[in-house]
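Student: Just passing along the structure, written as structure tokens.
Every read-out reported here was derived from the displayed coordinates using simple, explicitly stated rules and does not represent laboratory data. Bear in mind that the values here come from a model prediction, so they are computed numbers and not experimental data. Glycine gets a Cβ as well: all are built from the backbone with ideal geometry, and neighbour counts include every protein chain shown.
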Amino acid sequence: MHHPKEGTKHFKQQRLTAVVNIVLGVIVFNFFINNINKSYSFVLDGLSNNLMWLIVIIFTLSMSFHMWIGLNHILDDYVDGVKTRSILGRLNSIMVTIVALATSLLMVNIGLL
Amino acid sequence: MANKNKIDTIERPMSPHLQVYKISFTMIMSMMHRVSGFILYLGSFLFLAWYLSIFFGQESYNFVNQLFSFSVIKFALFLFTWVFFHHLFGGIRHFIWDFGLGFDLNSIEWLARLTALFSFLSASLVWIL
């Protein structure tokens, strides 16, 4: 990827998304762990009610952006080859987009439909 | 423009040579922040799989639920929760440093210890409560 002039921007974005992740991440993790082995209707109700589905969407978008920047910086630091780094960077973008988009679509479906 | 093209092809220097340092607790904790971040990256697909199973209906949800009932999987999920809180408290540690605080050796050591302690306690609390 190579980000020679984006350090400060990434620094701010990483911290901004981190604040969102701290608050919403605890809620989503707690929801996930506490619903393990619960019935289907119970979990479905939990996601549909109390805007939990919306919290999951906001958390996932923030988390996806956070992990996109994080992994790009790991690639910048440890992958020396320009070509390999570029390919892995693109793969990172694809994976993060899949997680963000798929989760959002699923949650809209579960929450609203 | 010639310069820009040059930058694109330059092989950048590698990160510090890990093998020349004597391993310390704070060093491991620093590495763990990146390692935990990467594990959480992979874990985001676990969440996606869970959401998918809910979306596809009762049968697929029950199948995933059955997998979750194995003790080994439960233990792995506990470790995953620990990794999440490890990254969370590691991030708070970085926030503290961002404000120019906690840079003396004693504070650095204590912040690392507290990160390890609080992450384990938080993960345990989420599973117990």
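Student: Distances over 24 Å make up what percent of all Cα-Cα pairs in chain A?
Tutor: 37 percent
Student: A further question follows. For the charge dipole of chain B, defined by +1 on Lys and Arg C-beta atoms and -1 on Asp and Glu C-beta atoms about the Cα centroid, which residue among B:PHE45, B:GLN19, B:VAL126 has the Cα displaced farthest towards the positive pole?
Tutor: B:GLN19
Student: OK, next. With charges only on Cβ, +1 for K and R and -1 for D and E, what is the dipole size of the stretch B:29-128 about its Cα centre, in debye, rounded to 20?
Tutor: 120 debye
Student: Let me check against my output: what whole-number percent is the relative contact order of the stretch A:7-112, with C-alpha pairs under 8 Å and at least 6 apart?
Tutor: 38 percent
Student: Modelling each spin label as a point 7 Å along the Cα-to-Cβ direction, I'd like the A:LEU91/A:ASN30 distance in nm, to one decimal.
Tutor: According to this spin-label approximation, the distance is 3.7 nm.
Student: Give the average over all directions of the projected area of the C-alpha convex hull of the protein assembly as shown, one decimal, in nm².
Tutor: Orientation-averaged projected area of the Cα hull: 15.7 nm².
Student: Something else now. Name the trypsin sites (Lys or Arg not before Pro) in the stretch A:5-113 that are in a loop by DSSP and that have at most 11 other C-beta atoms within 10 Å, would you?
Tutor: Of the trypsin sites (Lys or Arg not before Pro), the ones in loops of the stretch A:5-113 whose Cβ has at most 11 other Cβ atoms within 10 Å are A:LYS5.
Student: Suppose a student asked you for the relative contact order of chain B, using Cα pairs under 8 Å spaced at least 6 residues apart; what percent would you report?
Tutor: 29 percent.
Student: Could you compute the net charge surrounding B:TYR61? Neighbours are other residues with a C-beta less than 14 Å from the C-beta of B:TYR61; K and R count +1, D and E count -1.
Tutor: -1
Student: Under 14 Å from the Cβ of B:GLY90, count the other residues' Cβ atoms, weight Lys and Arg +1, Asp and Glu -1, and hand me the total.
Tutor: Summing Lys and Arg as +1 and Asp and Glu as -1 gives +3.
Student: Less than 12 Å Cβ to Cβ from A:GLU6, Lys/Arg counted +1 and Asp/Glu -1: what total charge do the surrounding residues give?
Tutor: Summing Lys/Arg as +1 and Asp/Glu as -1 gives +2.
Student: Another question, if that's okay. Taking the Cα centroid of the stretch B:18-34 and of the stretch B:98-123, what is the distance between the two, rounded to the nearest whole Å?
Tutor: 15 Å
Student: Ok, one more. Would you count, across the protein assembly as shown, every pair of lysines whose alpha carbons are under 25 angstrom apart, provided the pair is eight or more residues apart or spans two chains?
Tutor: Pairs that pass both the separation and distance tests number 9.
Student: What are the extents of the Cα atoms of the stretch B:29-128 along their three principal axes, listed from largest to smallest and rounded to whole Å?
Tutor: Over the stretch B:29-128, Cα extents along the principal axes are 55, 23, 18 Å.
Student: Mind checking the dipole of the protein assembly as shown: about its Cα centre, +1 per Lys or Arg Cβ, -1 per Asp or Glu Cβ, Debye to the nearest 20?
Tutor: In total the dipole reaches around 360 debye.
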